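Structure, as structure tokens:
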Amino acid sequence: MRALRILIVLVVILGGLFVIADRVAVHFAQGEVADKVKARENLSQTPDVDIKGFPFLTQVAGGSLDDVEIGIKGFTTPAAANGASIRIDDLRADMQDVRFSGDYSSATAARATGTATISYDELMKAAKTEPTNLGVFTAQVAGLSYGGDGKLKVAFKVSVLPKPVYLKSSLAVEGNQLKITADGLPKLGALSIGESQIRSVTDFRQAINRLPGGVQLDQVRATPDGLKITVKGTDVKLGG
């Protein structure tokens, strides 16, 4: 009986030591992954990395990790064709089936999904905020905000009207671009002007170039806090 108690105590102690070693190893690995992602994506801040699953050491021994979550507080995309870059806030990506290279210098996730936010102030960079000559008057986008039901509210300012006209616009993803399209034309009273001219101001696009790891835009919707985008990808690089 005494021998059994000693054996149980030893098992508990060894188990505790294994857990401690496992947690120390995962903490170190999270730091290494964070540094590699920061260097690869040229980030100004070190991202948050959370390696899921237990035990970690057995996953490493198998050459892959089941689930790695990465959070980037702020990421500025490379400049688009119009010369404007855009800041993406709180990008969070869930990487699954992460496999290491032979020398463990890099890692690739078989698939990834994530979310991020773009503020309305940032999106204004893509809109025509300067007065645009439409012939009988000038027009511009004076503001963007949440319009309810996942729609964007656009303040359309016309030089000959005392107040902006408000429109609701739909959002869509086309390739690497966010597409903003007014649901209907603004009512401008007795003013007469072609639809294409008005839409040259109300409708616009914003390119989102080279997201971290090569993930791609998936969906977009407007919320009270800004545009919420979802991203996805396969064979996503974490570093190296």
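Taken together, the values in this text are just the output of simple stated rules run on the coordinates, not laboratory data. Since the structure is predicted, the reported quantities are computational estimates derived from the model, not experimental observations. Cβ atoms come from the backbone with ideal geometry, glycine included; neighbour counts cover every protein chain shown.
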*Take the range 25-157, compute every pairwise Cα distance, and split them into 5 Å bins from 0; I just need the percent in each bin.*
2, 9, 14, 16, 14, 10, 9, 8, 7, 5, 3, 2, 1, 0, 0
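Pick out, in residue order, every one of the trypsin sites (Lys or Arg not before Pro) in the range 119-195 that is DSSP loop and has at most 11 other C-beta atoms within 10 Å; say none if there are none. Please report the intermediate quantities before stating the final value.
On the way: sites: LYS125, LYS128, LYS151, LYS153, LYS157, LYS168, LYS179, LYS187; in loops: LYS128, LYS187.
Filter output for the range 119-195: LYS187.
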*Two-site FRET efficiency, SER44 against GLU69, from Cβ-Cβ distance with R₀ of 22 Å, rounded to 0.05*: 0.60
*What Kirkwood radius, in Å to one decimal, follows from the Cα pairs of the range 122-207?*
13.1
*What net charge do the residues around ALA222 carry, taking every other residue with its C-beta under 10 Å from that of ALA222, with Lys and Arg at +1 and Asp and Glu at -1?*
+3
*How much net charge surrounds MET124 when only other residues with a Cβ under 14 Å from its Cβ are counted (Lys, Arg +1; Asp, Glu -1)?*
+3
